[in-house]
Amino acid sequence: MKIAVWANQATHSQEIKEELLKRCANIVQIDDKEPDIVISIGGDGTLLSAFHHYNTLNKPTFVAIHTGHLGFYTDFLANQLQELVDYLVSAKQNTYSYPLLDITLVNEQKTMTALNELTLKTTSGTLVCQVYIGEELFEVFRGDGLCVSTPTGSTGVSKSLGGAVVHPKVEAMQLVEIAALNNVVYRTIGSPLILPKDETVRLKVIHAQDPIITYDNVRPIHLGGKNNAIVEIKLSKERIHFADYKHIDFWSRVEGAFIGDIKGKKK
Ligand code: NAP
Ligand code: MN
């Protein structure tokens, strides 16, 4: 069993990393290059960075320890390190998995994977883009941009844009608008769309001063204003795998993250 530990720069995370490495010494092999298991220490953002660093050919399993509050990808608490070490040495390492998005920049034949979402937007002015679902032109969008999220990404920026919270067992992606222009001249659907797996969304930029795509917490990619960029998005055949040791119920996470203590106050 080869493991890598990926921690954010917070002092607390670095302390946990040291403690974990101490407990793992002589039990598991540390391999930062080709690990079987990646242990992320920090928040959801830390796990996103770990995923983009390690989502290489050998597709490791992820474990995320939360050092702030409970996140959407983080299962372990900092005071449960021994249980985590026990999991690492146990013979039966069950996993669970979540959907990912395949993103293709058609003009450049470049592909990326997203765990949370992709956004297509313009840094200034209005983005005009054709939205194809499958082979059909569905609408012409005008506004700030569009966001396509995975189920686990539905609680990220997609939710702030008015998207629905989607249970990760639902194999679907969600298309949400970012400030669409809607009046007697221009018309978009105006509500989030939930698309099943095997369906492809194709966004064809018609006009934008500086169209960019962002995905998860990766640096934005500038598509260039002149060449009618086409971005294709679909649910990936690959999934991200997490250690199934103490999986926390999705609705408990949603409740903990967005409702929390306010319930008691409302009684
Ligand atoms: P960040 O700007 O440092 O953090 C944005 C916040 O989003 C953090 O609180 C982060 O949690 C949280 N987050 C990340 N993934 C989430 C998920 N799947 N469900 C619920 N919350 C989530 O950026 P970052 O930490 O590098 O993460 C990038 C992600 O942040 C993007 O993929 C996007 O979904 C989200 N985001 C949201 C908004 C918004 O709601 N307006 C704006 C920008 C980005 P931790 O504190 O645990 O890291
Ligand atoms: Mn963060």
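Miscellaneous remarks
- When the strands (runs of 3 or more DSSP E) confined to region 39-141 are screened for residues that are within 16 Å of ligand 1 (Cβ to nearest atom) and charged (D, E, K, R), those reaching at least 1 such residues are found at 117-122.
- Cβ-Cβ under 7 Å pairs, at least 6 apart or on other chains, region 42-67 side within 12 Å of Thr113 (Cβ to Cβ), far side within 14 Å of ligand 2 (Cβ to nearest atom) and polar (S, T, N, Q): Leu48/Asn116; Leu48/Asn217
- Boolean, Val5 is over 30 Å from Ile230 (Cβ atoms), away from ligand 1 (no atom under 16 Å from the Cβ), touching a residue at least 12 places away in the same chain (Cβ under 8 Å) and in a strand (DSSP E or B): yes
- Checked against (1) in contact (Cβ under 8 Å) with a residue 24 or more places away in the chain; (2) out of contact with any Cys (no Cβ under 8 Å at 6 or more places or on another chain); (3) of a type outside the set (S, T, N, Q); (4) part of a strand (DSSP E or B), Leu203 passes all but a single condition, namely (2).
- Boolean, Thr214 is touching a residue at least 40 places away in the same chain (Cβ under 8 Å), part of a strand (DSSP E or B) and within 16 Å of ligand 2 (Cβ to nearest atom): yes
- Subset of region 85-102 [closer than 24 Å to Leu21 by Cβ and among the hydrophobic types (A, V, I, L, M, F, W, C)]: Val85, Leu88, Val89, Ala91
- Every residue from region 142-179 that is more than 11 Å from ligand 1 (Cβ to nearest atom), basic (Lys, Arg) and out of contact with any Pro (no Cβ under 8 Å at 6 or more places or on another chain): Arg142
- Filter result for Val176 (of a type in the set (A, V, I, L, M, F, W, C) and within 16 Å of ligand 2 (Cβ to nearest atom)): no
- The set of residues in region 200-227 being away from ligand 1 (no atom under 16 Å from the Cβ), surrounded by fewer than 16 Cβ atoms within 10 Å (Cβ to Cβ) and not aliphatic (A, V, I, L, M) consists of His207, Gln209, Asp210, His222, Gly224, Gly225, Lys226, Asn227.
- Between Val148, Val166, Val157, the distinction of being within 16 Å of ligand 2 (Cβ to nearest atom) and surrounded by 14 or more Cβ atoms within 10 Å (Cβ to Cβ) belongs to Val157 only.
- The sole residue among Asp36, Asp31, Asp44 that is at negative phi, crowded, with 22+ Cβ neighbours inside 10 Å and among the charged types (D, E, K, R) is Asp44.
Any read-out appearing in this document is the output of simple, stated calculations on the displayed coordinates, not a laboratory observation. Remember, it's a predicted structure, so these values are computed and weren't measured experimentally. Please note: Cβ atoms are built from the backbone with ideal geometry, for glycine as well, and neighbour counts cover all protein chains shown.
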